[in-house]
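For reference, the structure discussed in these notes is given below.
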Amino acid sequence: YHSLLILFLLSISYSVLGDSCADCLQSKETVILDPSLPTSSDAINEVLESVNHLCKSSFITEWEIHDCVETSVNYLIDLYEDLNSESEHSEEKVILSTKRLCSIVSACETACCLTDWEPEQIHLSKTELYSEMVVSWVTLNPWDLPVVEYWQAVDFQLKSTMSFNLTINVVEADISTYTAGGWVGTIYNATLTNLLPGTPYYYKITGSSNNTTPAVTEEHYFITDIVPSNSSLQSRSIQAQITPFIPNVTASVVAYFGDVGTGDNSQESTEGLIQLATNSSVQLIIQGGDLSYADGTESIWDEYMRMVSDYSDIVPVMTAPGNHENYYLFDAYRHRYFMPWSESGSQQYYSYNHEKIHFVTWSFEEFKGVDLLPGGKQRQWLEADLQQANLERDVRPWIVLYGHRPFYCSSDSHDCEYMAEYMRFLLEDIINEYHVDVVLQAHKHNYERTYPVYKNEKLQDGYTDPLGPMYYVVGTGGRDKNS
């Protein structure tokens, strides 16, 4: 009797959930957000009426309707802030279709993956330790026992995985998910430990569910970071065939860019990065925010993660949040990227080491700079981190700061006028005091760099023995360019 009752209740809840999507789509509600029009109570009321009608058409209970309205309003606020954060788009009209609205409020589900069980969207990331690597991936249906098997390659050229004395290590993955925007899927993060420095490894992902045949990926590989030391390394260019990458002998190459998306230009950039990762021209990729430009449409996140997976499964990819990651309180970004934030206590900012460089990530996005004011949590962490990094200059002589918003840029926009001035007000004194060498930026969809500069004054012509930090805007990931 109890089993029948449970099945009956499950069937009811399933039919209600299933109908919510059809009911939402039948509402045929759309919302037009036009920042160029003056904000008025009539315009706001019109939007709210559309939202209320859509939510009441989609859901039954009072708390579901309330949650739907709250989610919709918060989304529209995020979208409006996004449009106004980039002057090129500050008067851009956005039409939210019924289908998109129904996903935003989770009335309609968005399946993560192309198949029910196969792993996809594989990517690597670093931790605070050179002896670790994180492997992340997703599946639509959850696996019973998700693990990563990994083993040391026989030779550095990665020509063969065969060995009579092959030791295979196995680590079980942690599982998580999120439901914002109607997303349905399972996220896995497995931390590979006890890795030897400067060593190539192979790995593969396995798992099963409901006694099905285990899903197994093909073999992937990566090369670990070296142990920090004061030994010098031979410099390299991006042309690996001239000076190949050899750990502890030649220097690694780091690729940095922001503002990517999934369009034609983005795919072209991705193809180049795949080639650079595959032939060991680059050893680390850093993305400075505005990654997928999903803007709350979760299927675009999945498209983006699939697009980059042919290089993100070879070299670690480290990220910073941009303004386009802010939807649903950064839910997609926080769950999809496993960054080493345990010491900072925030998934918005963190630091790590790579070879001869200490990288520090900062963020304006979550609290709009409030936590960067004197006494703010992020500012206190940042100063403590930079202070410690300066004590380790003997093994890591470079300190590189990166984040999405620019301190210096020259595009004809408010981003490069009063917003850049505000960024300098928040952090430039700290950057100069702790002798940060390079500041990497994005947000503007172009490339430019400064000479060593402080307080908007050029300190010298040239880059030899710089007297101050150099600032680079690298918003060239693929999004439409700015002037």
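The values are calculated or read from the model by the stated rules, or taken from the named source; none is laboratory data. The structure displayed is predicted, hence computed values, not measured ones. Cβ: placed from backbone, ideal geometry, glycine included. Neighbour counts: every protein chain shown. SASA here: full protein model, heavy atoms, side chains in, ligands and nucleic acids out. Shrake-Rupley method; radii C 1.70, N 1.55, O 1.52, S 1.80 Å.
Annotations for the structure displayed:
- Counting only DSSP beta bridges with both residues in the range 269-407, the antiparallel share comes to about 40 percent.
- In terms of its C-alpha gyration tensor, the range 314-375 has an oblate overall shape, because the principal axis ratio a/c (a ≥ b ≥ c, square roots of the eigenvalues) is not below 1.5 and a/b does not outweigh b/c.
- Those aspartates and glutamates that a straight Cα-Cα span of less than 16 Å connects to Lys377, excepting residues fewer than 8 apart in one chain: Glu343, Glu365, Glu366, Asp385
- Once Rg and the Kirkwood radius are both taken over the C-alpha atoms of the range 216-269, their ratio Rg/Rh works out to 1.09.
- Rounded to the nearest 20 debye, dipole of the range 331-384 from Cβ charges on Lys, Arg, Asp, Glu: 20
- Relative intensity, log₁₀ I(q)/I(0), of the chain from a Debye sum that treats every alpha carbon as a point, q = 0.07 Å⁻¹: -0.41
- Heavy-atom accessible surface of the chain: percent carbon and sulfur, 1.4 Å: 53
- The range 130-150 residues near the modelled Asp174 label - backbone nitrogen below 13 Å, point 7 Å along Cα→Cβ: 134-136
- Packing, as the average of other Cβ atoms within 10 Å across residues, places the peptides 278-287, 245-254 in the order 278-287, 245-254, highest first.
- When the surface is traced with a 1.4 Å probe over the full set of protein chains, Asp412 keeps roughly 130 Å² accessible.
- Think of each Lys and Arg Cβ as +1 and each Asp and Glu Cβ as -1; about the Cα centre, that makes the dipole of the chain roughly 1140 debye.
- If you model the range 268-405 as an ellipsoid using its alpha carbon gyration tensor, with each semi-axis the square root of five times an eigenvalue, the axes come out at 26, 22, 10 Å, biggest first.
- Charge dipole (Cα centre; +1 on Lys/Arg Cβ, -1 on Asp/Glu Cβ; no other charges) of the range 326-429 amounts to roughly 280 debye.
- Per-residue ellipticity at 222 nm, computed for the chain from helices alone with -39500 (n - 2.57) per DSSP H run of at least four residues, works out to -10000 deg cm²/dmol.
- For the range 57-134: rounded, prolate or oblate by the Cα gyration tensor [a/c cutoff 1.5]: oblate
- For the set Lys356/Lys458; Lys126/Lys356; Lys368/Lys458; Lys93/Lys368, the pairs lying more than 18 angstrom apart at their alpha carbons are Lys356/Lys458; Lys368/Lys458; Lys93/Lys368.
- Taking label positions 7 Å along the Cα-Cβ direction at both Trp398 and Ile77, the computed distance is 4.1 nm, reported to one decimal.
- For peptides 370-382, 290-302, sequence by mean Cβ density within 10 Å, most packed first: 290-302, 370-382
- Dipole of the chain, positive direction: furthest Cα of Ser50, Gly263, Val308, with charges on the beta-carbon: Val308
- For the range 411-483, average projected area of the Cα convex hull in nm²: 5.1
- Here's the picture: charge each Lys and Arg Cβ at +1 and each Asp and Glu Cβ at -1 in the range 297-377, and of Ile357, Pro374, Tyr333 the one pushed furthest to the positive end of that dipole is Pro374.
- Between the range 400-457 and the range 70-86, the alpha-carbon centres lie 25 Å apart.
- Each semi-axis of the equivalent ellipsoid for the range 334-407 is √(5λ) with λ an eigenvalue of the Cα gyration tensor; in descending order they amount to 21, 15, 11 Å.
- Candidates Pro469, Ser410, Leu426 compared by Cα position along the dipole of the range 405-483: farthest toward the positive end lies Ser410, with charges placed on Cβ.
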